[in-house]
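For reference, the structure is listed below as structure tokens.
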Amino acid sequence: MPALDDTTRGRLLFGGDYNPEQWPEEVWLDDVRLMKKAGVNSVTLGVFSWARIEPRPGAREFDWLDRLMDLIHGNGIGVVLATPTASPPPWMGTLHPETLPRDEDGRIVWWGSRQQFAHSSPVYRRYAAALTEDLAARYGSHPALTLWHINNEYCTYDWGDEAARAFRGWLRAKYGTLEVLNEAWGTAFWSQRYDAWDEIIPPRRAQYMRNPTQVLDFKRFTSDALLECYLAERDIVNRHSPHIPVTTNFMPLWSGQDAWQWAEHEDVVSVDIYPDPRDPWAGQDNAMIGDLTRSQARGPWLVMEQAAGPVNFRGVNHPKPRGLNRLLSLQSVARGADGVCFFQWRASRQGAEKFHSGMLGHAGEEGRVFAEVKELGAELARLAPAVAGTRVTAEVAILHDWDSWWADQQEGRVSARLDHPEVVRAWHRALWEANTPTDFAHPEHDLSRYRLVLVPHLYLLTDTAVDNLLAYVAGGGTLVCGFHTGVADHDDRVRPGGMDARLRDLFGISVLHEWWPLEAEERVDCGAFYGTLWSEELTAADDAEVVAAYRGGELDGLPALLRRDRAWYFSTLPEPAALRALLTRVAHEAGVRPPPHGLPLGVEAVRRGELLFLLNHGRDAATVPLPGHYRDLLTGAAIQDVVSLGRYGVAVLEQAS
Ligand code: GLA
């Protein structure tokens, strides 16, 4: 099977989305000249080229793309070729209105922007397949081609009739009979019982709260329907070019796709990352997405898109201060990326993204951003021989699951303040600050290689996942589980006792009486620290150890944190410093390898293969004690016992023999 190595070929990929159809041909020559100057070795073509290739139904205009593929190849640059199926031309909606998706209110999502396709429309799928077929036949053996990029950020929802029909088919395949569906959805509640398949619709706008299992199944269905679109195109390109790997670019921690499942069907896992430069946690956000994507890839992965400067989709769009683009790019490499690419090569002069940065901004080659891009390109080329293909290993895993996240997003839950990704982020942050390398895993994955497994919060756990957690602890692993976990089964049915009985037993909880969610400004005193967001009224079993108890308030004296041997339960979210201290303590007990000593706050240390990356997330220079002799691969400098890092500075250190 083709893999990322077939794309990178020993290099770190560097380049970006290239949209030459927006420019006259003379600009193309300037583009390749500047690409070479910047060390670009890869461009992504075709992402939004559908209307250019097929200006009217069935037409094919490939000449311009032929010239481009040859031009790019002739300049020693590889092409990531996209199937342009994310943005159908206006003729499609005009001729075939059923290809347009509908929102929850039944309103049409019109053309004039992008991604206006009804994923389950046979007409859309037929046109997309025909175009993919011709594209793959024409370029599948072109020497420039290094990777297929299917569609772009699959993210559409559709509540229309095409989706309704497909949803019914999906439900029939899942449940077989209406009786089983009615049971799984709990339709005895509010007179929702279905008597015929045609009565079932997507969860459209309704009078009051909708059936949560119907909503959950609709999210599962949507992810599956989009995956079908991906697989259909993947199979076509595979047929024409079995030697070329295939990817589709994920959005970071995006709720619409079960990325664990999708990643199984990709040769290369890639993601688009846009941390806000003003966010003091941008570095952690970038690290977390890197850890998640590496875990999905089970090895090296790609940043398919990031911004060299500002984006234009936030309310206020801040540029990246000098050095930040380099820092975040090298951070992704440290966390296993074998390439950092951008949206987009040349900033557009027209269209909705004309104020989104490019590697080559409106300031052109004299601009600061381009100067920094050039430096980064040179540095990546320098690092590639020692870095490309090497691995990051972690002894800790954080569990994350889309099913549980979807179930959590329901109306009518205990607290609308409980935001699944925010809880995951808080736990990851604690490990990031402690410089403890972390993978992500699905709750049904084999966890035996980890010394420590963390479950920040998984509201829904299948029986198989519960078995897996029990087996993990029985096999010698240490487990820390956050609040409101294991509450629901696969159908979002609350488990007897409010939490899986075997888990309660594992942690030493005899009764879970009530959940006590907290308001934004509320904190609960837990003795040595404060808890936020959540608290629970629990009774501990006799042999459980109460590690911290609530003080004052309704829960006075009841356990906040408890453990039974190597299984810990946190019924609240400790404030950041406390969470960091607690997880550091548990990691130490679990025998997790400690980080290098004496790292100043804000300096991140990551090992990749034999190399140690040090990354300064601060604007002030930092000094890192590091006993021994090293060589910095970025500068070639010899380092002894101490490393100096400037503002946003990075060192990539190889131990000197
Ligand atoms: C996404 C898309 C790109 C572009 C960028 C802008 O990642 O894939 O086409 O719109 O966002 O940030």
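The values are calculated or read from the model by the stated rules, or taken from the named source; none is laboratory data. Small disclaimer: the values here were computed from a predicted structure and weren't measured. Here the Cβ positions follow ideal geometry from the backbone for every residue, glycine too, while neighbour counts run over all protein chains shown. What goes into the accessible areas is simple: the full protein's heavy atoms, side chains included, and nothing from ligands, DNA or RNA. Shrake-Rupley method; radii C 1.70, N 1.55, O 1.52, S 1.80 Å.
Would you mind classifying the chain by shape? Square roots of the alpha carbon gyration tensor eigenvalues, ordered a ≥ b ≥ c; an a/c under 1.5 is rounded, otherwise it is prolate if a/b is larger than b/c and oblate if not. Note, shape of the chain comes out oblate. Applying a threshold of 18 Å to the alpha-carbon distances of Lys36/Lys354; Lys37/Lys374; Lys174/Lys219; Lys354/Lys374 flags Lys36/Lys354; Lys354/Lys374 as lying beyond it.
Over the stretch 229-285, give the accessible area per residue in Å² for a 1.4 Å probe, as an integer.
Details: 1890 Å² over 57 residues.
I get 33 Å² per residue for this part.
With both labels modelled 7 Å from their Cα along Cα-to-Cβ, the His588 to Ile201 distance reads 6.0 nm. Along the stretch 474-486 the Karplus relation, 6.51 cos²θ - 1.76 cosθ + 1.60 evaluated at θ = phi - 60°, assigns HN-Hα couplings of 4, x, x, x, 9, 10, 10, 10, x, 4, 6, 10, x Hz to successive residues, with x for each Gly and Pro.
For the stretch 396-589, compute Rg over Rh where Rg is the Cα radius of gyration and Rh is the Kirkwood radius from the inverse mean 1/r over Cα pairs. Walk me through the numbers before you get to the answer.
Details: Rg = 15.1 Å, Rh = 16.4 Å.
Taking Rg over the Kirkwood Rh, I get 0.92.
What net charge do the residues around Asn152 carry, taking every other residue with its C-beta under 12 Å from that of Asn152, with Lys and Arg at +1 and Asp and Glu at -1?
Details: positive: Arg114; negative: Asp17, Glu153, Glu233, Asp272, Glu305.
Cβ neighbours under 12 Å give a net charge of -4.
Given a Förster distance of 30 angstrom, what is the FRET efficiency for Ala638 paired with Thr393, based on the Cβ-Cβ distance and rounded to 0.05? Could you put the intermediate results ahead of the total?
Numbers: r = 27 Å, r/R0 = 0.90.
So the FRET efficiency works out to roughly 0.65.
Contour minus end-to-end for Glu228 and Arg298, with contour as 0.36 nm per residue of separation and end-to-end as the Cα-Cα distance?
On the way: separation 70, 0.36 × 70 = 25.20 nm, distance 2.26 nm.
Full extension from Glu228 to Arg298 adds 22.9 nm.
Measuring r between the beta carbons of Phe355 and Arg56 and using R0 = 41 Å, the FRET efficiency lands at 0.80. The stretch between Glu537 and Glu365 holds 55.7 nm of extra length on full extension. This uses 0.36 nm per residue minus the Cα-Cα distance. Once the chain from Asp70 to Ala378 is taken as fully extended at 0.36 nm per residue, the excess over their C-alpha distance is 108.4 nm.
Roll a 1.4 Å probe over the protein chains and send me the accessible area per residue for the stretch 1-96 in Å².
Working: 3510 Å² over 96 residues.
On a per-residue basis, 37 Å².
For the stretch 546-627, the list of GluC sites (Glu not before Pro) that fall in a loop by DSSP and count at most 15 other C-beta atoms within 10 angstrom reads Glu554, Glu610. Among Val43, Ala287, Val466, whose Cα projects farthest towards the positive end of the dipole of the chain, with charges put on the beta-carbon of Lys, Arg (+1) and Asp, Glu (-1)? In the chain, that residue is Val43. Other residues lying with their Cβ under 12 Å from the Cβ of His617 contribute a combined charge of -3, Lys and Arg counting +1, Asp and Glu -1. Applying a DSSP loop filter and a limit of 15 other Cβ atoms within 10 Å to the GluC sites (Glu not before Pro) in the stretch 103-168 leaves Glu104. Rounded to the nearest Hz, the phi-derived 3J(HN,Hα) couplings of the stretch 510-521 under the Karplus curve 6.51 cos²θ - 1.76 cosθ + 1.60 (θ = phi - 60°) are 8, 9, 9, 7, 8, 8, 10, x, 10, 7, 4, 8, where x marks glycine and proline. Computed on the chain, with alpha-carbon pairs under 8 angstrom and 6+ residues apart, the relative contact order is 11 percent. Other residues within the sphere of radius under 14 Å centred on the Cβ of Asp525, judged by their own Cβ, net out at -2 (K and R +1, D and E -1). In whole Å, how far is the Cα centre of the stretch 596-617 from that of the stretch 279-358? When both Cα centres are located, 20 Å separates them. The amide H of Glu61, built 1.01 Å from its N in the peptide plane, has Glu54 as neighbours under 5 Å, considering only residues 5 or more places off or on other chains. Sketch the reach of a paramagnetic label on Glu610 as a point 7 Å from Cα along Cα-to-Cβ, and name the residues of the stretch 623-657 whose backbone nitrogen lies under 11 Å away. Flagged as within label range: 654-657. Accessible area per residue for the stretch 396-589 is 38 Å², calculated with a 1.4 Å probe on protein heavy atoms, without ligands, DNA or RNA. Once you reduce the stretch 127-195 and the stretch 383-416 to the center of their Cα atoms, the two points are 24 Å from each other. Within the stretch 30-47, name every residue whose backbone N is under 12 Å away from a label modeled 7 Å from Cα of Ser348 along the Cβ vector. Correct set: 47.
Between Leu29 and Tyr175, what is the FRET efficiency for a Förster distance of 56 Å, r being their Cβ-Cβ separation, to the nearest 0.05? For Leu29 and Tyr175, the calculated efficiency is 0.45.
How large a share of the accessible area of the chain, in percent, is made up of carbon and sulfur atoms when the probe is 1.4 Å and the other protein chains stay in place? Don't jump to the answer; show the numbers that get you there.
Values: 13200 of 25840 Å².
Solvent-exposed carbon and sulfur of the chain make up 51 percent of the total.
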